[in-house]
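Peer 1: The structure is given below, and queries will be raised subsequently.
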Amino acid sequence: MAAMETPGIAAMSGGLSEGWAKRLSGKNVQKGVGVEVGQLEAAIDLRIIVLYETPIHEVSRMLQQNVREAVETMTGLRVVEVNVKVEGVSFRGDDL
């Protein structure tokens, strides 16, 4: 996924609500990703954990651009927003 290919991203963050959504709906809910899709447009919410000493503003902007381009290319939908919420910082890439 475009999000994990962005430098500085340690992981996508999953919350308690995702676990409940998966159990209740039986659907595969992608960890750290929320998408609202209309007929021609999409809005995306991403919850991430960044690596320590990563310039969060720059990484968030790059993440928004990478995800927007990937989704628009794959789907033909116009991405109207990509919201990024940083939910944590990883001090080592292998502690997740």
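Peer 1: Identify the single condition in (1) modelled with pLDDT of 95 or more; (2) of a type in the set (A, V, I, L, M); (3) surrounded by 12 or more Cβ atoms within 10 Å (Cβ to Cβ) that Leu40 does not satisfy, given that it satisfies every other one.
Peer 2: For Leu40, the failing item is (3).
Peer 1: Just to be sure before I move on: is Leu63 closer than 17 Å to Met12 by Cβ and assigned to a strand (DSSP E or B) in the structure I sent? If you could, list the steps in order and put the result at the bottom.
Peer 2: Numbers: closer than 17 Å to Met12 by Cβ: yes; assigned to a strand (DSSP E or B): no.
Taking the combined requirement at face value, the residue does not satisfy it.
Peer 1: Output the residues belonging to segment 53-73 that are modelled with pLDDT under 95 and loosely packed, with under 13 Cβ neighbours inside 10 Å.
Peer 2: Glu53
Peer 1: What number of residues within segment 61-75 are out of contact with any Leu (no Cβ under 9 Å at 6 or more places or on another chain) and not acidic (Asp, Glu)?
Peer 2: Residues that pass the stated criteria total 9.
The values are calculated or read from the model by the stated rules, or taken from the named source; none is laboratory data. For clarity, every value in this text was computed on a predicted model and none was experimentally measured. So basically every Cβ, Gly included, is an ideal-geometry build from the backbone, and we count neighbours across all protein chains shown.
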